[in-house]
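*Asks:* If you scroll down you'll find the structure; I have some questions about it.
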Amino acid sequence: MSIKVTRILVAKDLSKESSNVIRYALELGAKFDAQVHILHVMPTVDTAVLNMVALTMGPDQLAKLNADNEASLAEQTREQLDEILLGETELLKADLEHPPQIEVHHGEPVPLILTVADRLDVDMIVLGSHSKGRLHYAFLGSVAEKILRKSHRVVVIVPPLIGH
């Protein structure tokens, strides 16, 4: 049996371990000659908070402010990911056949990661585990754990120590 990986989705936040997880996904992409897609999901503001703010400033003004902020934050996030990629792709320049693709979305991480994985029909999802103190060896981050349980795709969890 031969393992064929043509598309890899790496879902990552912008923590200090981001570049390690992205590097790992890029190295896998180079080894398998696979297209790497990088996804960052920006959390949405809690509905109760939005309702309270809407009462103060008005729903139309809040909607405009929210749309402007989401677009601005998405662009800043894309720039940060581009910087991370620039450093990583310099290391892997000879090995990368396909330039990585970046997507930034707002919403709940787990459903969005799974939706993007289905839309792109990826063969593998690469995630980082979160280091949350001494117990991080015993428990994965909640997003990684939920993706492992809900996905029908290969899921690779990269611990914080990889690449150090």
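*Asks:* Between beta-carbons, use under 10 Å as the cut-off and find the net charge around VAL122, counting Lys and Arg +1, Asp and Glu -1.
*Replies:* 0
*Asks:* Taking the number of other C-beta atoms within 10 Å as the exposure measure, put ASP123, ASP60 in order starting with the fewest.
*Replies:* With the sparsest Cβ surroundings first, the list reads ASP60, ASP123.
*Asks:* If each residue's Cβ is checked for other Cβ atoms within 10 Å, how do ARG7, ARG119, ARG23 rank with the fewest at the top?
*Replies:* ARG119, ARG7, ARG23
Computed from the coordinates by the stated procedures, all read-outs in this text should not be read as laboratory data. Since this is a predicted model, take the numbers as computed values, not measurements. Here Cβ is always computed from backbone atoms with ideal geometry, including for glycine, and neighbour counts include all displayed protein chains.
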